[in-house]
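Reading through the structure tokens given below for one structure.
The numbers here are math on the coordinates, done by the rules we state, and not lab data. All values reported here derive from a predicted model rather than from experimental measurement. Neighbour counts run over all protein chains shown; Cβ positions are idealised from the backbone, glycine included.
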Amino acid sequence: MRRMGVRGAVLALALLAAPMLGCEAKTIKVQLPGFNNGTVDGIWLWKQIDGQWRRVCRIDFTDRRMTHRGETLYYVQNCIDGEQRRGLVLPAAVERMPGNPGTITVDLWYLRYEDGGTYRASAFNESGESTLSSTSVVL
């Protein structure tokens, strides 16, 4: 129990310090069809720049566990201020779709260092990458 308290405090401090580091904390709701029990390794975030979709950030899923709060997906944002650097490991509660438990929905924190814009996502695993999402979000 104490480990969760320390992790929560570290997460809270990191999110509070984010604006001082030149980034803005945003949440992104992501639905992952075919996730099943971890068959998706992560997502790429794409930003519309000059009319084209360009990769701006890779988010890797590091672990999936059952906790006292339910199923939790752990992930790490591997881009900081436009550079590929490993960030904090963050937790996200997993919501499974009724009638289709292989599809999950998670709310991910995204520490946005670049200017705001319109984003889409693609999922990846060892077999390849999905097409770009059909919906976009403004962050």
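Give me the one-decimal nm value for the distance between modelled label points at W53 and E129, 7 Å along each residue's Cα-to-Cβ direction.
For the pair W53/E129, the computed spacing is 1.0 nm.
Run the dipole for the range 54-131 about the Cα centre, Lys and Arg Cβ at +1, Asp and Glu Cβ at -1, nothing else charged, and hand back the magnitude in debye, nearest 20.
Using only the charged Cβ atoms, the result is roughly 80 debye.
Could you give the length gained on full extension between Q31 and E95, defined as 0.36 nm per residue of separation minus the Cα-Cα distance, in nm?
Full extension of this stretch gives 22.1 nm more.
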